[in-house]
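The values are calculated or read from the model by the stated rules, or taken from the named source; none is laboratory data. Just so it is clear, the structure is predicted and the values come from calculations on it, not from any experiment. Cβ: placed from backbone, ideal geometry, glycine included. Neighbour counts: every protein chain shown.
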Amino acid sequence: MRDEIRRHEHLYYVLDRPEITDAEYDALVRELQAIEQQHPELVTPDSPTQRVGGRPREGFVKVAHSSPMLSLDNALNEAELREFDRRVRDFLGSQEYAYAAELKLDGLSMAAHFEHGALVRAITRGDGITGEDVTENAKTIRSLPLSAAAKFPKFEVRGEVVMNRRSFERLNADQEARGQQRYANPRNAAAGALRNLDPRITASRRLDFFAYFLLVDGQPALESHFESMDLLAALGFHVNPHRRRCAGLEDLMEFCRGWADRRGTLAYEIDGVVAKVDSVAQQKRLGWTAKAPRWAIAFKFPAQQQETLVERIEVQVGRTGALTPVAHLKPVLVGGVTVARATLHNEDEIERLGVQAGDTVLIERSGDVIPKVVRVVKEGANRTPFHMPRHCPVCGGDVVREEGESATRCINTNCPARLKESLLHFAARGVMDIDGMGESLVDQLVNQGMVRNIADLYQLDVARLMTLDRMGEKSAAKIIANIDRSRMRPLPRVLNGLGIPFVGERTAQILAETFGGMDAILAADEAALQTAEEVGPKVSHSIRSFFHEERNRNLVERLRQAGLTFTHEQKPREGGALRARVFVLTGTLPNLSREEAKQRIEEAGGKVTGSVSQKTNFVVAGEDAGSKLDKARELGIEVIDEAKLLEMLG
């Protein structure tokens, strides 16, 4: 029965040739579930019934890739594609070569690891070196086999997780029906679904996995990339059928031109064609740059454009409090997708475009992402100019636009539009460090009205948490204990947790050490705030604006009543072995964490910044140091290791 269900899954999700109806398929699955419930000893990890299982998670584990998942260089036109081919030809000399051409899917890269034929781990691309373990979520993707009969004891399949247009439109319709914000594009929706902490939600999004790399020990399994894709298809993986082994540049360009015209006929989004030199031996000869392989290129399709009418301009409030103007359009088909909205970014962009409600505009889906307004084609007879509201349309709180900033923001930390993000920031490890307060729990707390601002966390108890989905007494007690422990976090963390614009970890530390307590900071005017090191007019104005908002002051008082730390020992910042020295940390140090190294440098009077500049005195480099190390060498800045840093610290 399992084999029969797997065969129907392959026919439906991979080959798109179903032999039975959805109802007949569901009946088979229910029958298998009943048998396994009666005989649990017969359940196997690769059973179709095991695709959705496990509890919602509170975070994802970081996992290193077997070899880097590099990004690709882009060719934005045929001239750049010809230039890529010239470089390949120059490297390979007189050798003949071919390209493996495949459609560039607009999704999220993922690596699936198999051992003895069974799926054991799935990892997102992440930064290319380290990704996140999303195994339980990946198992819900029906086109990703839970087992594959390959001859390799261990192998890895890399590919793209996508959401087709039909699933995307259904998801957005559901979002609107619940009064929630629409997803901008299928790629964002797929990424959000794969990284959702509840596998059941991932399963409901109907994702698809297209395989394109077969690796063993981090290296290509076969000597031909095209043959490896054929093998993946034979093993039961969903490999895009629209691929071609191109004998040369002209054949490749014909493939690109053909799909640029036909991309709207596909059930999923593509934004170009990926071309790889087919021979793995030639790939190795061509090698890699620091960021991308020299043997592959992504040919990007030109933007798709259409004219339509701007019916009105409204403002939506994002999770960070930013107010974003959105043009509501007369619906128009662009590249196979119905577009009814386009972002206008901010007031400056509206002024640059000169756009008003009632105008006919040209809209564009550049790279098949968020639609944008390119220009006004015709001014409307009854135009209506746009004005940014003076108060937040969600909570009615004050909005501010700081000098030099393009964004206008709601500064009410308790604004429902930004509450979830505020809670996640407040509970983060480097802030109040409330372990277990992840996205899944925050979503439930906010959606059920248990938490309306960060101070409400300190009113929770075990009994209330146990009313939440999949929350037992032991888990609830652990979270309450973690919340209680957070009351003892020092004042700099409390200041950072408030989410004051431009006040991060370092500025919060400086404020606490300069003023010694929350009350002194609340009482300080802009001039007084600027007596703190590194606090200039922009930051001081942001702090005063934040505390001018009555709801923010009330929030601070509630945190005081909850017993949080509001005082701080003032330390003189002058003196110390590293006085006035500026450091940048990069890579992984042998013994010290980034946070430990930063703390020790600052305690010795030094300063740690995030970027390398002429003002940097030392770059402390560890294993896998990145571009900051290259920048230091370019500027002639001294590079030291952890041992030298410890020596300097004495």
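Residues checked against (1) under 23 Å from Arg452 (Cα atoms); (2) free of Cβ contacts under 8 Å to residues at least 24 places away in the same chain; (3) in contact with a Gly (Cβ under 6 Å, 6 or more places away or on another chain):
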{"position": "Ala481", "(1), (2), (3)": "yes, yes, no"}
{"position": "Gly497", "(1), (2), (3)": "yes, no, no"}
{"position": "Glu526", "(1), (2), (3)": "no, yes, no"}
{"position": "Thr531", "(1), (2), (3)": "no, yes, no"}
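Give the residue that is nearest to Glu169 (Cα to Cα), with candidates limited to residues of the stretch 245-272 that are of a type in the set (D, E, K, R) and surrounded by 19 or more Cβ atoms within 10 Å (Cβ to Cβ).
Glu269
Residues in the stretch 126-143: is at least one in the same structural domain as Asp208 (by TED's automatic domain parsing), free of Cβ contacts under 8 Å to residues at least 40 places away in the same chain and touching a His at 6+ places or on another chain (Cβ under 8 Å)?
No; the residues of the stretch 126-143 include none that is in the same structural domain as Asp208 (by TED's automatic domain parsing), free of Cβ contacts under 8 Å to residues at least 40 places away in the same chain and touching a His at 6+ places or on another chain (Cβ under 8 Å).
Taking Asp469, is it surrounded by fewer than 15 Cβ atoms within 10 Å (Cβ to Cβ) and over 29 Å from the mean Cα position of the chain (by Cα)?
No: the conditions fail for Asp469.
Starting from residues that are surrounded by fewer than 16 Cβ atoms within 10 Å (Cβ to Cβ) and in contact (Cβ under 8 Å) with a residue 24 or more places away in the chain, keep the ones in the stretch 538-557 and report whichever is nearest to Ala580 (Cα to Cα).
That would be Lys538.
Note down all Cβ pairs under 9 Å where the first residue falls in the stretch 301-321 and is among the acidic types (Asp, Glu), the second is outside any strand (DSSP E or B), and they're at least six residues apart or on different chains.
From the stretch 301-321, the pairs are Glu311/Gly358; Glu314/Pro393.
Would you point out the residue of the stretch 352-394, among those that are under 30 Å from the mean Cα position of the chain (by Cα) and without any contact (Cβ under 8 Å) to a residue 24 or more places away in the chain, that is farthest from Ala322 (Cα to Cα)?
The residue in question is Arg375.
If Val162 meets every condition in (1) surrounded by fewer than 22 Cβ atoms within 10 Å (Cβ to Cβ); (2) part of a strand (DSSP E or B) apart from one, which number is that one?
Of (1) surrounded by fewer than 22 Cβ atoms within 10 Å (Cβ to Cβ); (2) part of a strand (DSSP E or B), only one is false for Val162: (1).
Considering only the stretch 563-583, I want to know if a residue exists there that is in contact with a helix residue (DSSP H, G or I) (Cβ under 6 Å, 6 or more places away or on another chain), surrounded by 13 or more Cβ atoms within 10 Å (Cβ to Cβ) and not in a loop (DSSP other than H, G, I, E, B).
yes
Restricting to the stretch 287-304, count the residues that are in a strand (DSSP E or B), surrounded by 15 or more Cβ atoms within 10 Å (Cβ to Cβ) and more than 24 Å from the chain's Cα centre (by Cα).
Here the count works out to 2.
Can you list residue pairs whose Cβ atoms sit under 6 Å apart, with the first residue in the stretch 260-272 being within 11 Å of Lys104 (Cα to Cα) and in contact (Cβ under 8 Å) with a residue 24 or more places away in the chain and the second being among the acidic types (Asp, Glu) and assigned to a loop (DSSP other than H, G, I, E, B)? Count only pairs 6 or more apart in sequence or on different chains.
Glu269/Asp106; Asp271/Asp106
In this structure, does Ala211 turn out to be within 30 Å of Phe84 (Cα to Cα), small (Gly, Ala, Ser) and not assigned by TED's automatic domain parsing to the domain that holds Gln316?
yes
Considering only residues that are aliphatic (A, V, I, L, M), touching a residue at least 40 places away in the same chain (Cβ under 8 Å) and closer than 29 Å to Glu513 by Cα, look in the stretch 600-645 and name the one that is surrounded by the most Cβ atoms within 10 Å (Cβ to Cβ).
Applying the filter and picking the extreme gives Ile601.
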